[in-house]
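Reviewing the structure listed below.
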Amino acid sequence: MQSFTVIRAIAMGMCFGVRDALDVAAATSKPGEVTIFGELVHNAVVLDGLRSRGFAMAAEHVRGVPASNSVMITAHGVSDRERKRLEAASKTLIDTTCPLVQRVHDAARAFAEEGRHVLVVGRRGHVEVRGIVGDLDGYDVIERTDDVQCWPHKRIGIVSQSTAVERDVRRIVAEVVRQNPHADVRAKDTVCAPTKERQAALERLLDVVDAVVVVGGRNSNNTRRLAARCKERAVQAWHVVDETELDPAWFAHVGTVGLTAGTSTPDATIDRVEQRLREIGGSHGHAA
Ligand code: SF4
(Lines give C-alpha, C1' and ligand atoms only; values in the text may rest on other atoms or scores of the structure.)
Protein backbone atom coordinates (compact mmCIF):
# COMPACT_ATOMS: atom_id res chain seq x y z
CA MET A 1 0.00 0.00 0.00
CA GLN A 2 1.25 3.51 -0.84
CA SER A 3 2.09 5.82 2.00
CA PHE A 4 2.13 9.59 2.23
CA THR A 5 1.55 12.29 4.82
CA VAL A 6 -1.57 14.46 4.79
CA ILE A 7 -1.20 18.04 6.03
CA ARG A 8 -4.30 20.18 6.59
CA ALA A 9 -4.16 23.91 5.88
CA ILE A 10 -4.41 25.82 9.14
CA ALA A 11 -7.36 27.84 7.78
CA MET A 12 -9.78 26.39 5.26
CA GLY A 13 -13.39 25.66 4.49
CA MET A 14 -16.56 27.45 5.33
CA CYS A 15 -16.31 31.07 6.45
CA PHE A 16 -18.47 32.57 9.19
CA GLY A 17 -20.54 34.52 6.63
CA VAL A 18 -21.74 31.38 4.85
CA ARG A 19 -22.08 29.47 8.13
CA ASP A 20 -24.30 32.21 9.61
CA ALA A 21 -26.47 32.25 6.47
CA LEU A 22 -26.88 28.46 6.65
CA ASP A 23 -27.79 28.75 10.35
CA VAL A 24 -30.53 31.21 9.47
CA ALA A 25 -31.82 28.80 6.82
CA ALA A 26 -31.66 25.90 9.30
CA ALA A 27 -33.69 27.91 11.84
CA THR A 28 -36.38 28.85 9.31
CA SER A 29 -39.57 27.18 10.48
CA LYS A 30 -41.53 27.40 7.20
CA PRO A 31 -39.02 26.90 4.37
CA GLY A 32 -41.88 26.26 1.93
CA GLU A 33 -42.74 29.96 2.19
CA VAL A 34 -39.24 31.23 1.44
CA THR A 35 -37.38 31.78 -1.83
CA ILE A 36 -33.60 31.91 -1.55
CA PHE A 37 -32.44 34.70 -3.85
CA GLY A 38 -29.29 33.36 -5.51
CA GLU A 39 -27.05 30.49 -4.32
CA LEU A 40 -26.89 30.47 -0.52
CA VAL A 41 -23.70 28.47 -0.86
CA HIS A 42 -21.86 27.29 -3.99
CA ASN A 43 -22.24 23.66 -3.03
CA ALA A 44 -24.63 21.30 -4.80
CA VAL A 45 -25.04 18.91 -1.84
CA VAL A 46 -26.00 21.69 0.56
CA LEU A 47 -28.34 23.25 -2.03
CA ASP A 48 -30.07 19.89 -2.60
CA GLY A 49 -30.59 19.63 1.17
CA LEU A 50 -32.22 23.07 1.26
CA ARG A 51 -34.46 22.23 -1.71
CA SER A 52 -35.57 19.00 -0.06
CA ARG A 53 -36.60 21.03 3.02
CA GLY A 54 -38.92 23.02 0.77
CA PHE A 55 -36.99 26.22 0.01
CA ALA A 56 -37.59 27.64 -3.46
CA MET A 57 -34.57 29.08 -5.25
CA ALA A 58 -34.39 31.89 -7.77
CA ALA A 59 -31.48 33.39 -9.65
CA GLU A 60 -31.15 36.82 -8.07
CA HIS A 61 -30.25 38.55 -11.33
CA VAL A 62 -33.38 37.47 -13.19
CA ARG A 63 -35.98 40.22 -13.38
CA GLY A 64 -39.32 39.48 -11.81
CA VAL A 65 -40.25 38.87 -8.22
CA PRO A 66 -40.43 35.47 -6.47
CA ALA A 67 -43.96 34.24 -5.77
CA SER A 68 -43.28 33.45 -2.08
CA ASN A 69 -43.99 36.01 0.63
CA SER A 70 -40.47 35.83 2.05
CA VAL A 71 -37.17 36.21 0.21
CA MET A 72 -33.84 35.23 1.72
CA ILE A 73 -30.89 37.37 0.61
CA THR A 74 -27.68 35.37 0.68
CA ALA A 75 -24.34 36.21 2.30
CA HIS A 76 -23.25 37.64 -1.09
CA GLY A 77 -25.74 40.49 -0.66
CA VAL A 78 -27.77 42.46 -3.20
CA SER A 79 -27.89 46.13 -4.12
CA ASP A 80 -30.09 48.51 -2.14
CA ARG A 81 -32.02 49.11 -5.36
CA GLU A 82 -32.81 45.39 -5.54
CA ARG A 83 -33.76 45.33 -1.86
CA LYS A 84 -36.17 48.23 -2.40
CA ARG A 85 -37.66 46.52 -5.45
CA LEU A 86 -38.44 43.44 -3.37
CA GLU A 87 -39.83 45.50 -0.51
CA ALA A 88 -42.01 47.46 -2.95
CA ALA A 89 -43.47 44.10 -4.00
CA SER A 90 -44.38 43.52 -0.30
CA LYS A 91 -41.81 40.78 0.22
CA THR A 92 -40.51 40.09 3.71
CA LEU A 93 -36.73 40.02 3.50
CA ILE A 94 -34.60 37.58 5.46
CA ASP A 95 -31.26 39.26 5.02
CA THR A 96 -28.14 37.14 5.55
CA THR A 97 -25.75 39.55 3.81
CA CYS A 98 -22.31 39.03 5.32
CA PRO A 99 -21.15 42.14 7.21
CA LEU A 100 -17.86 41.94 5.31
CA VAL A 101 -19.74 42.16 2.00
CA GLN A 102 -21.70 45.09 3.39
CA ARG A 103 -18.33 46.71 4.09
CA VAL A 104 -17.54 46.59 0.35
CA HIS A 105 -20.91 48.20 -0.50
CA ASP A 106 -20.28 50.94 2.08
CA ALA A 107 -16.77 51.63 0.76
CA ALA A 108 -17.99 51.82 -2.85
CA ARG A 109 -20.84 54.14 -1.87
CA ALA A 110 -18.49 56.40 0.12
CA PHE A 111 -16.17 56.70 -2.89
CA ALA A 112 -19.11 57.50 -5.18
CA GLU A 113 -20.33 60.16 -2.73
CA GLU A 114 -16.86 61.73 -2.85
CA GLY A 115 -17.35 62.07 -6.61
CA ARG A 116 -14.91 59.29 -7.46
CA HIS A 117 -15.20 56.94 -10.42
CA VAL A 118 -15.49 53.56 -8.69
CA LEU A 119 -13.44 50.56 -9.81
CA VAL A 120 -14.44 47.17 -8.43
CA VAL A 121 -11.72 44.53 -8.58
CA GLY A 122 -13.55 41.25 -9.00
CA ARG A 123 -15.21 38.83 -11.34
CA ARG A 124 -17.61 40.43 -13.78
CA GLY A 125 -21.08 38.96 -13.34
CA HIS A 126 -20.32 37.40 -9.94
CA VAL A 127 -23.32 37.73 -7.63
CA GLU A 128 -21.40 39.81 -5.07
CA VAL A 129 -20.05 42.16 -7.74
CA ARG A 130 -23.54 42.56 -9.26
CA GLY A 131 -24.78 43.62 -5.84
CA ILE A 132 -21.96 46.14 -5.33
CA VAL A 133 -22.27 47.82 -8.73
CA GLY A 134 -26.08 47.71 -8.64
CA ASP A 135 -26.10 50.89 -6.54
CA LEU A 136 -23.50 52.76 -8.60
CA ASP A 137 -24.22 55.02 -11.54
CA GLY A 138 -20.70 54.96 -12.93
CA TYR A 139 -18.18 52.19 -12.40
CA ASP A 140 -15.87 49.69 -14.06
CA VAL A 141 -15.23 46.09 -13.01
CA ILE A 142 -11.56 45.13 -13.23
CA GLU A 143 -10.71 41.46 -13.46
CA ARG A 144 -7.03 41.77 -14.32
CA THR A 145 -4.32 44.36 -14.95
CA ASP A 146 -5.10 44.23 -18.70
CA ASP A 147 -8.50 45.82 -17.91
CA VAL A 148 -6.83 48.92 -16.48
CA GLN A 149 -6.94 52.01 -18.67
CA CYS A 150 -6.47 55.75 -18.42
CA TRP A 151 -9.81 57.14 -17.24
CA PRO A 152 -10.76 60.80 -17.73
CA HIS A 153 -11.85 61.11 -14.08
CA LYS A 154 -9.82 63.25 -11.68
CA ARG A 155 -10.78 61.09 -8.70
CA ILE A 156 -10.86 57.30 -8.66
CA GLY A 157 -11.85 54.95 -5.81
CA ILE A 158 -10.98 51.26 -5.82
CA VAL A 159 -12.68 48.48 -3.83
CA SER A 160 -12.52 44.75 -4.37
CA GLN A 161 -14.77 41.74 -4.16
CA SER A 162 -14.42 40.26 -0.67
CA THR A 163 -12.88 37.05 -2.05
CA ALA A 164 -10.37 38.68 -4.41
CA VAL A 165 -6.73 37.66 -4.19
CA GLU A 166 -4.82 40.34 -2.25
CA ARG A 167 -1.75 40.02 -4.43
CA ASP A 168 -3.83 40.61 -7.60
CA VAL A 169 -5.58 43.60 -6.03
CA ARG A 170 -2.25 45.21 -5.13
CA ARG A 171 -1.01 44.72 -8.70
CA ILE A 172 -4.17 46.24 -10.15
CA VAL A 173 -4.08 49.25 -7.81
CA ALA A 174 -0.45 49.89 -8.79
CA GLU A 175 -1.39 49.69 -12.47
CA VAL A 176 -4.31 52.12 -12.00
CA VAL A 177 -1.95 54.61 -10.33
CA ARG A 178 0.62 54.13 -13.10
CA GLN A 179 -1.86 54.72 -15.93
CA ASN A 180 -3.72 57.58 -14.22
CA PRO A 181 -1.02 59.97 -13.00
CA HIS A 182 -3.46 62.90 -13.34
CA ALA A 183 -5.94 61.34 -10.89
CA ASP A 184 -6.26 61.21 -7.12
CA VAL A 185 -6.50 57.43 -6.66
CA ARG A 186 -7.72 55.96 -3.35
CA ALA A 187 -8.04 52.24 -2.66
CA LYS A 188 -9.82 50.56 0.23
CA ASP A 189 -8.72 47.06 1.15
CA THR A 190 -12.02 45.13 1.19
CA VAL A 191 -10.74 41.56 0.86
CA CYS A 192 -12.31 39.84 3.86
CA ALA A 193 -10.27 38.41 6.74
CA PRO A 194 -11.37 34.78 6.23
CA THR A 195 -10.29 34.98 2.58
CA LYS A 196 -6.90 36.42 3.59
CA GLU A 197 -6.42 33.72 6.22
CA ARG A 198 -7.19 30.96 3.70
CA GLN A 199 -4.89 32.44 1.07
CA ALA A 200 -2.05 32.82 3.60
CA ALA A 201 -2.61 29.27 4.87
CA LEU A 202 -2.37 27.92 1.32
CA GLU A 203 0.92 29.74 0.75
CA ARG A 204 2.37 28.10 3.88
CA LEU A 205 1.02 24.72 2.82
CA LEU A 206 2.57 25.05 -0.63
CA ASP A 207 6.00 25.50 0.98
CA VAL A 208 5.90 21.99 2.45
CA VAL A 209 3.80 19.68 0.24
CA ASP A 210 4.24 17.84 -3.06
CA ALA A 211 0.59 18.08 -4.09
CA VAL A 212 -2.70 19.49 -2.82
CA VAL A 213 -6.26 18.23 -2.71
CA VAL A 214 -8.65 21.19 -2.94
CA VAL A 215 -12.21 20.39 -1.86
CA GLY A 216 -15.15 22.46 -3.05
CA GLY A 217 -18.06 22.93 -5.40
CA ARG A 218 -17.36 22.96 -9.10
CA ASN A 219 -18.81 26.49 -9.43
CA SER A 220 -17.14 27.88 -6.31
CA ASN A 221 -14.93 30.72 -7.49
CA ASN A 222 -12.66 30.76 -4.45
CA THR A 223 -12.17 26.97 -4.61
CA ARG A 224 -11.05 27.27 -8.21
CA ARG A 225 -8.72 30.11 -7.24
CA LEU A 226 -7.09 27.93 -4.58
CA ALA A 227 -6.42 25.21 -7.17
CA ALA A 228 -5.15 27.80 -9.66
CA ARG A 229 -2.74 29.20 -7.07
CA CYS A 230 -1.25 25.72 -6.55
CA LYS A 231 -0.59 25.51 -10.26
CA GLU A 232 0.97 29.00 -10.28
CA ARG A 233 3.35 27.75 -7.60
CA ALA A 234 4.04 24.64 -9.75
CA VAL A 235 2.43 22.30 -7.22
CA GLN A 236 0.11 19.57 -8.48
CA ALA A 237 -3.51 20.23 -7.40
CA TRP A 238 -6.64 18.11 -7.63
CA HIS A 239 -9.98 19.90 -7.24
CA VAL A 240 -12.54 17.42 -5.93
CA VAL A 241 -16.17 17.96 -4.96
CA ASP A 242 -16.08 15.13 -2.43
CA GLU A 243 -14.23 11.95 -1.43
CA THR A 244 -15.71 9.86 -4.27
CA GLU A 245 -13.61 11.80 -6.78
CA LEU A 246 -10.26 10.88 -5.23
CA ASP A 247 -8.25 8.52 -7.42
CA PRO A 248 -5.72 6.39 -5.44
CA ALA A 249 -3.40 6.40 -8.48
CA TRP A 250 -2.79 10.15 -7.97
CA PHE A 251 -0.90 9.46 -4.75
CA ALA A 252 1.47 6.76 -5.99
CA HIS A 253 4.50 9.05 -6.13
CA VAL A 254 3.83 11.80 -3.61
CA GLY A 255 5.32 12.01 -0.12
CA THR A 256 3.25 14.85 1.31
CA VAL A 257 -0.28 15.89 0.34
CA GLY A 258 -1.87 19.16 1.45
CA LEU A 259 -5.57 19.47 2.12
CA THR A 260 -7.53 22.70 1.72
CA ALA A 261 -11.09 23.70 0.86
CA GLY A 262 -13.13 26.62 -0.43
CA THR A 263 -15.35 28.80 1.75
CA SER A 264 -18.50 26.93 0.71
CA THR A 265 -17.28 23.46 1.65
CA PRO A 266 -18.98 21.87 4.68
CA ASP A 267 -16.72 20.48 7.43
CA ALA A 268 -18.26 17.04 6.98
CA THR A 269 -17.16 16.91 3.32
CA ILE A 270 -13.59 17.89 4.25
CA ASP A 271 -13.53 15.23 6.98
CA ARG A 272 -14.76 12.54 4.58
CA VAL A 273 -12.07 13.51 2.04
CA GLU A 274 -9.42 13.29 4.77
CA GLN A 275 -10.78 9.91 5.90
CA ARG A 276 -10.64 8.60 2.31
CA LEU A 277 -7.06 9.86 1.96
CA ARG A 278 -6.16 7.84 5.04
CA GLU A 279 -7.78 4.73 3.56
CA ILE A 280 -5.71 5.25 0.42
CA GLY A 281 -2.52 5.40 2.49
CA GLY A 282 -2.27 8.84 4.02
CA SER A 283 -1.12 9.39 7.56
CA HIS A 284 -1.81 12.49 9.59
CA GLY A 285 0.81 15.25 9.63
CA HIS A 286 0.81 18.54 11.55
CA ALA A 287 -1.31 21.33 10.09
CA ALA A 288 0.72 23.91 8.18
S1 SF4 B 1 -16.03 34.97 2.00
FE2 SF4 B 1 -15.76 36.67 3.45
S3 SF4 B 1 -17.21 38.22 2.81
FE4 SF4 B 1 -17.82 36.33 1.78
S5 SF4 B 1 -19.34 35.45 3.13
FE6 SF4 B 1 -17.37 34.59 3.74
S7 SF4 B 1 -16.61 35.94 5.39
FE8 SF4 B 1 -18.25 37.02 4.32
Taking segment 180-213, which residues are of a type in the set (S, T, N, Q) and within 14 Å of the ligand (Cβ to nearest atom)?
Thr190, Thr195, Gln199
Scanning segment 112-129 for residues that are within 14 Å of the ligand (Cβ to nearest atom) and surrounded by fewer than 20 Cβ atoms within 10 Å (Cβ to Cβ) gives Arg123, His126
Is it fair to say Asp23 is within 16 Å of the ligand (Cβ to nearest atom) and either surrounded by fewer than 16 Cβ atoms within 10 Å (Cβ to Cβ) or of a type in the set (Ser, Thr, Tyr) (or both)?
yes
Run down Ala75, Ala89 and say which single residue is within 15 Å of the ligand (Cβ to nearest atom) and under 26 Å from Ile132 (Cβ atoms).
Ala75
Please name all residue pairs, on different chains or six or more residues apart, with Cβ atoms under 7 Å, provided the first residue is in segment 186-200 and is in contact (Cβ under 8 Å) with a residue 12 or more places away in the chain and in the same structural domain as Ala164 (by TED's automatic domain parsing) and the second residue is more than 13 Å from the ligand (Cβ to nearest atom) and of a type in the set (Ser, Thr, Tyr).
none
So, of the residues in segment 130-162 that are away from the ligand (no atom under 16 Å from the Cβ) and β-branched (Val, Ile, Thr), which turns out to be surrounded by the fewest Cβ atoms within 10 Å (Cβ to Cβ)?
Thr145
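The values are calculated or read from the model by the stated rules, or taken from the named source; none is laboratory data. Computed from a predicted model, the values in this text were never measured in an experiment. Here the Cβ is made from the backbone with ideal geometry for all residues, glycine too, and neighbour counts use every protein chain on show.
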